[in-house]
Amino acid sequence: MRHKAFVILIAFCALVAVAPRALAQAAGGRARAQRQEVWYSCPMHPEVKSKKPGSCPKCKMDLRAVAAATPKENAPPLKEERAEADAQRVSIPDVELLDQDGRTVHFYSDLVKGRTVAIQFIFTTCTTICPPLGATFARVQKDFGERSGRDVHFISVSVDPLTDTPERLKAWGEKFHAGAGWTFVTGAKPQVDALLRALGASSARREDHSPSVLIGNDAKGQWTRAYGLSMPSQLVKLIDDALEGRLEPTSKEGSQ
Ligand SMILES: [Cu+2]
């Protein structure tokens, strides 16, 4: 009998000693879990957010996990505002690159300065979205006919400069019957990376590259970002707007 009471007493003491720490640990775990909250966002439509993985209802791209730095509810909108500000404030570096004929070009001064341009991001060994991105550019270019290379210029920037030599880019462009006014650029990786960062198109892996098209009228300082797989007619309209100097900055659709 005495023995049993003693055991109960020991058990009670152990519980009292351990319980507060266990409770504190449980609370700490909850706090950590909250700090590491993850949501999913579309690389093309930052306003699209989901608690679960899936695809973007607007463009069907796979949503990408975004880790929240803080559990505060204002974290995603901040990111969104930044994306919008980026689209409006485009500063284009004059990095030295190579075009598809192996000629040295300065990105800003030779390809963009004073012009209306559409810029996309591709790599030649891509088997997913790059072929349709190229086909879309080809359709848009065809639509502009002989105005391509005169009024509007198209630029495909390689996101995989280590693989994409000028020859590879040229061969890739020929698959889409790229005509005058469509330039393909590659170059030293640091130069290309600097360009991609400046254009808001850098990604850790080439497979995650941006499917966006940057359309702008440099003379008027008007820029917008569009989805690279939009209907060609929509891209034609945006380029027309850019030419006319009535480009609306990236739409605020979806933001609160
Ligand atoms: Cu791709």
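Bear in mind that the values in this text are calculations on the coordinates, not laboratory data. Only a predicted model underlies this, so the values are computations on that prediction, with no experimental measurement involved. Cβ sites come from the backbone with ideal geometry, for glycine too, and all protein chains shown count toward neighbours.
Return a whole-number percent for the relative contact order of region 92-244, with Cα pairs under 8 Å and 6 or more residues apart as the contact set.
32
Go ahead and run the numbers for FRET between S50 and E207, Cβ-Cβ distance against an R0 of 22 Å, rounding to 0.05. Walk me through the numbers before you get to the answer.
Numbers: r = 21 Å, r/R0 = 0.94.
Efficiency for this residue pair is about 0.60.
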Q: Could I have the simple spin-label model distance between D151 and A188, label points 7 Å from Cα toward Cβ, reported in nm to one decimal?
A: 3.9
Q: Using DSSP, restrict attention to beta bridges with both residues in region 101-256 and report what percent are antiparallel, rounded to the nearest 5.
A: 45
**Q.** Cα→Cβ-extended label distance, 7 Å offset, between E167 and T125, nm
**A.** 1.6
(Q) Quick one: 3J(HN,Hα) in Hz for region 108-113, Karplus 6.51/-1.76/1.60 with θ = phi - 60°, rounded, Gly and Pro as x. (A) 6, 5, 8, 10, 10, 3
